[in-house]
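Worksheet: one structure, shown below.
The values are calculated or read from the model by the stated rules, or taken from the named source; none is laboratory data. What you are looking at is a predicted structure, and each value in this text was computed from that prediction instead of being measured. Reconstructed Cβ throughout: ideal geometry from the backbone, glycine too, with neighbour counts over all protein chains shown.
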Amino acid sequence: MKGLIFTFLIALCLFNFGCGSDNSNTAESSNSNSAQETPVIPPLQIAEITDPNIALAEGNRLLDENQTELAIEALRQAVNLNPDLADAYFKLGIAYSLLDMQMEQAGTLTEPNTNTKAAKSKSKSEIAFENAVTAYKKWISANPKDDVAQFHLGRAYDKLMKDEDAEKAFKQAVKLKPDDTEYQTELGAILVKLAKYGEATSPLKKAIELDPSNARALDLLDDAQAGRQRVDYRSPKKDGNQATGNKASNSNSTTDSDSDSDSDTKSPDVKKKPSSENPKDKKPISPTSKPR
């Protein structure tokens, strides 16, 4: 009897141990799965998003994950929900530009026919950046002290190659928030692009002062200083060339006058050749200069 009780107790302990182990493994597996899972909106649900800010956030996430085409869908949904959402237009322009680059690298980008009207039409990225400019300007008119909007307005102008407008926007952003290293860097960059090297050094030095590890500002400052040296070097050299040219001109004129003087003095000697010269040694007269 004692043997049966002892055997039963051992079996019960083994059963409980096994159940505990299974529960532990199940819990660990559940925790591991929950740690790996990230909230993802399936592509088919993008059209169901009703909040433009959520759509913009989803577009940014997809851009970061290099899912460009899905990002475009999310960003288009954002601007459909809010046509004044400037950030969504700006990111949409970036997404279209990335898509063109990816297609070009894959060899699937079709070369436009320069003989068609379609070749003269604006690209999707250009249209998106233009819409971003319009939306930013509308926002800034109501919120003139928004430095972030001014900064992104400058970036949109920069994407459109409107450098002077970008310069104005970046200067306004710096004016509103001078202690931002990124604002100072972008202002310096557009000034270098405009070949305003002397003016570019100030914001770039400020950017480095605010963030000594700002590698882009350091590189741009080198470019600005090198460009300024080239400009300073060319100006006196140009004046020197003009002076040298004048000297050369005077020298040439002097040489020409001397040559004329020499020819005048030598011409009588030519006329005073002895009459005993052999007529056969004379060169024949050219037919074009034959006397009438």
Scan the stretch 67-96 residue by residue and report those that are surrounded by fewer than 24 Cβ atoms within 10 Å (Cβ to Cβ) and among the hydroxyl-bearing types (Ser, Thr, Tyr).
Thr68, Tyr96
Quick one: count up the residues across the stretch 156-212 that are surrounded by fewer than 19 Cβ atoms within 10 Å (Cβ to Cβ) and assigned to a loop (DSSP other than H, G, I, E, B).
11
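So which residues in the stretch 145-155 are out of contact with any Asp or Glu (no Cβ under 8 Å at 6 or more places or on another chain), assigned to a helix (DSSP H, G or I) and either over 23 Å from Asp211 (Cα atoms) or small (Gly, Ala, Ser) (or both), if there are any at all? Even if it seems obvious, please write down each step before you answer.
Applying the first criterion (out of contact with any Asp or Glu (no Cβ under 8 Å at 6 or more places or on another chain)) to the stretch 145-155 yields 145-146, 148-150, 153.
Then drop every residue that is not assigned to a helix (DSSP H, G or I), which leaves 148-150, 153.
Ala149, Leu153 - these are the residues of the stretch 145-155 that are out of contact with any Asp or Glu (no Cβ under 8 Å at 6 or more places or on another chain), assigned to a helix (DSSP H, G or I) and either over 23 Å from Asp211 (Cα atoms) or small (Gly, Ala, Ser) (or both).
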Is it the case that Glu48 is more than 21 Å from Val133 (Cα to Cα) and modelled with pLDDT of 95 or more?
no
